[in-house]
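> Mind looking over this structure? Questions follow.
The values are calculated or read from the model by the stated rules, or taken from the named source; none is laboratory data. Just so we're clear, the structure is a prediction, and the values are computed from it rather than from any experiment. Note that each Cβ is placed from the backbone with ideal geometry, even for glycine, and that neighbours are counted across all protein chains shown.
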Amino acid sequence: MCGIVGVIGKANTTEILLNGLEKLAYRGYDSAGIYVNSRTGHDYLVKEPGKISVLEAAVGPEVQGTIGVGHTRWATHGIASRDNAHPHVSEDGRFYLVHNGVLTNYLVLKETYLKDVHFVSQTDTEVAVQLIAYLAKTEQLSAKEAFRKALTLIEGSYAFVMVDRDDPDTLYVAKNKAPLLIGVGDGFNVVCSDALAMLSETKDFIEIHDREMVVLTKDDVQIEDLDGTFIHRNSYHIEMDADAAGKGAYPHYMLKEIDEQPAVMRRLLDEYLDADGQLNISPELLQAMNAADRLYIVAAGTSYHAGLIGKTLFESLVQKPVEVHVASEFGYHMPLLSEKPFFIFLTQSGETADSRQVLVQTNALHYPSLTITNSQGSTLSREADYTLLLHAGPEIAVASTKAYTAQIAVELFLAVALGRHNQLVLAEQFDVHHELGLVATGMEALLSEKEQIETLTTDYLQTTRNAFYIGRGEDYALSLEAALKLKEISYIQAEGFAAGELKHGTIALIEAGTPVIAFLVDEKTIAHTRGNLQEVTARGAQALTIVSERFAQEGDQVILPSVNPLLTPLLGVIPGQLIAYYASLHRGYDVDQPRNLAKSVTVE
């Protein structure tokens, strides 16, 4: 969602801020702004609705400084406008603040402390900066102490970075339930909501924990809790090339990330298999999972769909019951749990607010947990008992592709390792290297058929307003993911349905020309799903089939190479991803940054 960058101690601050905001654009935004201060009496606030390119055009050559903050905003309170864009400034012109998150008591604060203040925006963020100024003035507090006291009064989620115009040698930083990192340099320091934004400046970062504040100068990082107790925390090093997040020769990040999936499968084999073909999964994790009587997978969106595939993997290879839950529902409507639950959190970013809310609750109940994420050092990684990384590399497009397939692959490794731990025959006989190698090769074969899939997409979806994906078992889980991809970037009203449920109501939506795309992979139910296709074509639907090679019939359009039946979703999703990509492309939409969406959902 919103993105934050901050710099202190660099002569080219403006350039760093704008470059950092470009790197954060993938998170989703509708306006952007920067504030820079030269420390010699000159400072500049520039902010604009729309793309970062609009902001860049508004930044004149005189906008230079050695300290500054920048922000990309995804609207929560108020429309996308210049007034509502960040940074926000206090009425007296002293404090400049950027903020990610949502303040739940901002109206109470406004009514209690700020009745006489003139507000220029509709945002909760402006309440925060005006409150800091109010406290500094009425209680004669320093910027640091006014910032600290405001943090004790504010409720909700926040990542704050503030500059005091009267003392432009310091950045004031704080977080609660929203991601924020300090980047450490030589004679400078930076702050960012995602390390990707600052990898070109430093690869050494320090985590900030909830309800901590940081006083940042060019030479020092002071972390303390809200009671004033100082905290020492070492930095960690990220081994990632800043260019890894670039598009290269690709027209869109999404297409690049779709194409990277075979390489991700092979990289995961290198990461999780040793020279003897044994899985590198910690014995402590396996013992903790083995002690559980039920596994609970908690996730959101695409990660939830990966969890549905994971359920089949765990129940097949481990013989242990699994429940899969939508995080936003589980957090407020926790079901009755088994006696010894173990929680698995699937999250690309490791910052998903809904999943984190569940983790906070399960930690309070002392239940063991594992986070499977693409983001080393992320909040859900830090706060869970165990972490397994996806090693998928930066995923920039809002529509997740390679993180989804990486999640399924890591679930496979975990299921096989746990099954072998319990000496279960199916797991012991499962040759992970061979089977996932076949998947990678099969992915490459499908990716070589882009032209055919583009043609099918044009034929079936060029003008349609709606479309359906259908399947049974894992094919139903695939249908949910393929439909999500299609709707989120092409804006076609797409839904995934259990094929057997069509005649229980949904078939009423079928009319002449309605596209119905069927996954035919599950051997037990293929005949039934083909029967459902006959029912919809009899009512005028246009049927498109995605079929495993060994079950293909004349007239099937997309044929999937043969792989282990448990792993067919890793292949089946490829045409679903490509169909969504080409549907969006042909309609002239922004493939990588679809409207109203954000990459990392850090608010509930």
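Yes or no, residue by residue, for (1) of a type in the set (A, V, I, L, M); (2) over 20 Å from S448 (Cα atoms); (3) modelled with pLDDT of 95 or more; (4) surrounded by 18 or more Cβ atoms within 10 Å (Cβ to Cβ):
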site: E554; (1), (2), (3), (4): no, yes, no, no
site: P561; (1), (2), (3), (4): no, no, no, no
site: P565; (1), (2), (3), (4): no, yes, no, no
site: L571; (1), (2), (3), (4): yes, no, yes, yes
site: I574; (1), (2), (3), (4): yes, no, yes, yes
site: Q577; (1), (2), (3), (4): no, no, yes, yes
site: A583; (1), (2), (3), (4): yes, no, yes, yes
site: V591; (1), (2), (3), (4): yes, yes, no, yes
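> Testing T152 on (1) under 22 Å from L18 (Cα atoms); (2) surrounded by fewer than 24 Cβ atoms within 10 Å (Cβ to Cβ); (3) modelled with pLDDT of 95 or more, one condition comes back false. Which one is that?
Going through (1) under 22 Å from L18 (Cα atoms); (2) surrounded by fewer than 24 Cβ atoms within 10 Å (Cβ to Cβ); (3) modelled with pLDDT of 95 or more one by one, T152 breaks only (1).
> Right, something else. List the number of the failed condition for D227; all other conditions in (1) surrounded by fewer than 20 Cβ atoms within 10 Å (Cβ to Cβ); (2) assigned to a loop (DSSP other than H, G, I, E, B); (3) touching a strand residue (DSSP E or B) at 6+ places or on another chain (Cβ under 8 Å) hold.
(3)
> Also, quick follow-up: In segment 17-40, what residues are out of contact with any helix residue (DSSP H, G or I) (no Cβ under 6 Å at 6 or more places or on another chain), crowded, with 24+ Cβ neighbours inside 10 Å and part of a helix (DSSP H, G or I)?
Residues satisfying the conditions are L17, R27.
> Restricting attention to segment 334-363, and to residues there that are in contact with a Lys or Arg (Cβ under 9 Å, 6 or more places away or on another chain) and of a type in the set (S, T, N, Q), which single residue is farthest from G3 (Cα to Cα)?
Residue satisfying both the conditions and the ranking: S338.
> I'd like the full set of residues that are under 27 Å from the mean Cα position of the chain (by Cα) and of a type in the set (K, R), limited to segment 207-220.
Of the residues in segment 207-220, the ones under 27 Å from the mean Cα position of the chain (by Cα) are 207-214.
Passing the criteria: only R211.
> Restricting to segment 70-81, count the residues that are out of contact with any Leu (no Cβ under 7 Å at 6 or more places or on another chain) and either modelled with pLDDT of 95 or more or among the hydroxyl-bearing types (S, T, Y) (or both). Before you say what the answer is, go through the steps one by one.
First, the residues of segment 70-81 that are out of contact with any Leu (no Cβ under 7 Å at 6 or more places or on another chain): 71, 73-81.
Adding the requirement that they be either modelled with pLDDT of 95 or more or among the hydroxyl-bearing types (S, T, Y) (or both) leaves 71, 76, 81.
Residues in segment 70-81 being out of contact with any Leu (no Cβ under 7 Å at 6 or more places or on another chain) and either modelled with pLDDT of 95 or more or among the hydroxyl-bearing types (S, T, Y) (or both): 3 in total.
> What number of residues within segment 388-434 are closer than 26 Å to E284 by Cα and over 25 Å from the mean Cα position of the chain (by Cα)?
Of the residues in segment 388-434, 18 are closer than 26 Å to E284 by Cα and over 25 Å from the mean Cα position of the chain (by Cα).
> Could you list, in sequence order, all residues of segment 41-93 that are in contact with a helix residue (DSSP H, G or I) (Cβ under 8 Å, 6 or more places away or on another chain), of a type in the set (G, A, S) and in a loop (DSSP other than H, G, I, E, B)?
G65, S90
> Report, by residue number, each residue of segment 55-76 that is surrounded by fewer than 18 Cβ atoms within 10 Å (Cβ to Cβ) and over 17 Å from G3 (Cβ atoms). Spell out the reasoning first.
If we filter segment 55-76 for residues that are surrounded by fewer than 18 Cβ atoms within 10 Å (Cβ to Cβ), which is where we start, we get 56-58, 60-62, 76.
Scanning segment 55-76 gives A57, A58, G60, P61, E62.
> With respect to K487, determine if the residue is modelled with pLDDT of 95 or more and basic (K, R).
Numbers: modelled with pLDDT of 95 or more: yes; basic (K, R): yes.
Answer is yes for this residue.
> Within segment 261-295, track down each residue that is part of a helix (DSSP H, G or I) and of a type in the set (A, V, I, L, M).
A263, V264, M265, L268, L269, L285, L286, A288, M289, listed by residue number.
A quick yes/no check of all residues on (1) closer than 17 Å to P575 by Cβ; (2) of a type in the set (V, I, T):
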position: R465; (1), (2): no, no
position: G496; (1), (2): yes, no
position: G500; (1), (2): no, no
position: G505; (1), (2): no, no
position: N532; (1), (2): no, no
position: T537; (1), (2): no, yes
position: L544; (1), (2): yes, no
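> Here's a follow-up. Checking the structure you have, find out if any residue of segment 280-299 is modelled with pLDDT of 95 or more and over 20 Å from L418 (Cα atoms).
yes
> Something else about it: Scan segment 24-39 and tell me whether some residue there is within 27 Å of K177 (Cα to Cα), of a type in the set (D, E, K, R) and assigned by TED's automatic domain parsing to the domain that holds A159.
At the first step, the residues of segment 24-39 found to be within 27 Å of K177 (Cα to Cα) are 24-36.
Next cut, of a type in the set (D, E, K, R) only: 27, 30.
Now drop any that are not assigned by TED's automatic domain parsing to the domain that holds A159, which leaves 27, 30.
Yes: one or more hits.
> Right, something else. Residue under question is T545, and the condition is that it be over 20 Å from A306 (Cα atoms), among the hydroxyl-bearing types (S, T, Y) and part of a strand (DSSP E or B); does it hold? Don't jump to the end; show me each part of the working.
Values: over 20 Å from A306 (Cα atoms): yes; among the hydroxyl-bearing types (S, T, Y): yes; part of a strand (DSSP E or B): yes.
Here the answer is yes, as T545 does meet what is asked.
> Can I ask one more? Determine whether segment 255-263 contains at least one residue that is modelled with pLDDT of 95 or more and over 23 Å from the mean Cα position of the chain (by Cα).
no
> List the residue pairs whose Cβ atoms are under 9 Å apart, where the first residue sits in segment 303-314 and is over 13 Å from A482 (Cα atoms), the second is of a type in the set (K, R), and the two are 6 or more positions apart or on different chains.
Qualifying pairs under 9 Å: F314/K320.
> For segment 338-355, enumerate the residues that are under 23 Å from D293 (Cα atoms) and part of a helix (DSSP H, G or I).
S355
> When segment 499-535 is examined, which residues are found to be part of a helix (DSSP H, G or I), more than 15 Å from G471 (Cβ to Cβ) and among the polar types (S, T, N, Q)?
Within segment 499-535, Q534 is the sole residue that qualifies.
> While we're looking at this one, here's another question. Criterion first (touching a strand residue (DSSP E or B) at 6+ places or on another chain (Cβ under 9 Å), outside the structural domain of P262 (by TED's automatic domain parsing), buried (at least 18 other Cβ atoms within 10 Å of the Cβ) and within 21 Å of L447 (Cα to Cα)) does L520 satisfy it? Give the steps one after another, and end with the answer.
Working: touching a strand residue (DSSP E or B) at 6+ places or on another chain (Cβ under 9 Å): yes; outside the structural domain of P262 (by TED's automatic domain parsing): yes; buried (at least 18 other Cβ atoms within 10 Å of the Cβ): yes; within 21 Å of L447 (Cα to Cα): yes.
Yes; evaluated as a whole, the condition is true for this residue.
> Could you please let me know if I526 is in contact with a Phe, Trp or Tyr (Cβ under 6 Å, 6 or more places away or on another chain), modelled with pLDDT of 95 or more, crowded, with 16+ Cβ neighbours inside 10 Å and not acidic (D, E)?
Working: in contact with a Phe, Trp or Tyr (Cβ under 6 Å, 6 or more places away or on another chain): yes; modelled with pLDDT of 95 or more: no; crowded, with 16+ Cβ neighbours inside 10 Å: yes; not acidic (D, E): yes.
No; evaluated as a whole, the condition is false for this residue.
Each row is one residue, and each column tells you yes or no for (1) without any contact (Cβ under 8 Å) to a residue 40 or more places away in the chain; (2) outside the structural domain of G93 (by TED's automatic domain parsing); (3) in contact with a His (Cβ under 8 Å, 6 or more places away or on another chain).
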| position | (1), (2), (3) |
| --- | --- |
| D124 | no, no, yes |
| K144 | no, no, no |
| I154 | no, no, no |
| A159 | no, no, yes |
| D166 | no, no, no |
| Y172 | no, no, no |
| A178 | no, no, no |
| G183 | yes, no, no |
| D186 | yes, no, no |
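> Look at T463 and say whether it is within 21 Å of K256 (Cα to Cα) and hydroxyl-bearing (S, T, Y). Even if it seems obvious, please write down each step before you answer.
Values: within 21 Å of K256 (Cα to Cα): no; hydroxyl-bearing (S, T, Y): yes.
Judged against the criteria, T463 is not a match.
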